[in-house]
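Take a look at the structure set out below.
What follows is calculated from the coordinates using simple rules that are stated; it is not laboratory data. The shown structure was predicted, so the numbers you read here are calculated from the model rather than taken from an experiment.
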Amino acid sequence: MALVAEMIREVAGWLPERSFHLHADGAYACLVGADLPRTVVTSRMRRDAALYEPAPPRTGKRGRPRTKGERLPTPPELAEAATGWVDADIDERGRTVARRLWHRDVLWYHVCPHRLVRLVVVRDPAGTQPDDFFVTSHPSATDTDVATGYAGRWSIEVTNRDAKQDLRGEDPQSWAGDGPARAAALSLWLHTAIWCWYLVTHGTNQTWTVRAWYRHKSTPSFADALTALRRTLWKQRITAMSAHARLPTKITDALLNTLAEAA
């Protein structure tokens, strides 16, 4: 946790004119109260979180003033008794889904004892998915922004998977010193470079082979971008090495497509 906070502070130091919004999974929820510079944190809230009303005003009596109000029910209990739900369409990993939203500002004393945080509950009106409980340090965040923003962090998981498996970032050849860290950084850099090349070169044009079991596919994956790059590089190399002025395009294209997809 301390390492993540240090990373955010370092990035904020690099870009003093920028503000940041960190979406993190529930393991990093305590960063909501970390007072990171110019950074809003949104995360999942524990279902058994100890929540409280705001601290009452000072009474003027002698003694230490109260730092928290009355104990509130747990997030699921609050959601069960909640009224005033708002229906909204949110973007959930590229799909528009209907959800019911509700929020309440609470004191999560264990995590953020000096200020209120916003609890946002996202409910599936069909009842298929269980309720989601999110917390954000943004004092005026809208429920829709919280739900959509957290769902958008899934692209980070996909990037990690692509860098580790497709680019072999999880299996570096060097395990000494800074070798593993450099291998991970190189994998992520290559991931970015390949996507940038693909989007500039191919844009929205289809480069992948349509499969019988996935005819409705409309957007490329990183594997498609990597396949297109292999095909382009190998075609240039084979053409340059060939003694013939012109190669039979149908044969070479078919061979390159098969090899690029299998690599």
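Annotations for the structure displayed:
- Cα-Cα separations in the range 111-189 greater than 15 Å, expressed as whole percent: 69
- Normalised by the number of residues in the chain, the average gap of Cα pairs under 8 Å and 6 or more apart makes the relative contact order 13 percent.
- 5 Å binning of all Cα-Cα separations within the range 93-240, expressed as whole percents from 0 upward: 2, 8, 12, 12, 13, 12, 12, 13, 9, 5, 2, 1, 1, 0
- Largest GNM mean-square fluctuation among Glu17, Glu53, Glu170, using the chain with Cα springs under 10 Å: Glu17.
- For the range 42-143, the convex hull drawn through the C-alpha positions has a volume of 114 cubic angstrom per residue.
- With coordinates expressed along the principal axes, the C-alpha atoms belonging to the range 1-54 extend over 37, 24, 15 Å, beginning with the largest.
- Two-decimal ratio, the chain, of alpha-carbon radius of gyration to 2.2 N^0.38 Å: 1.38
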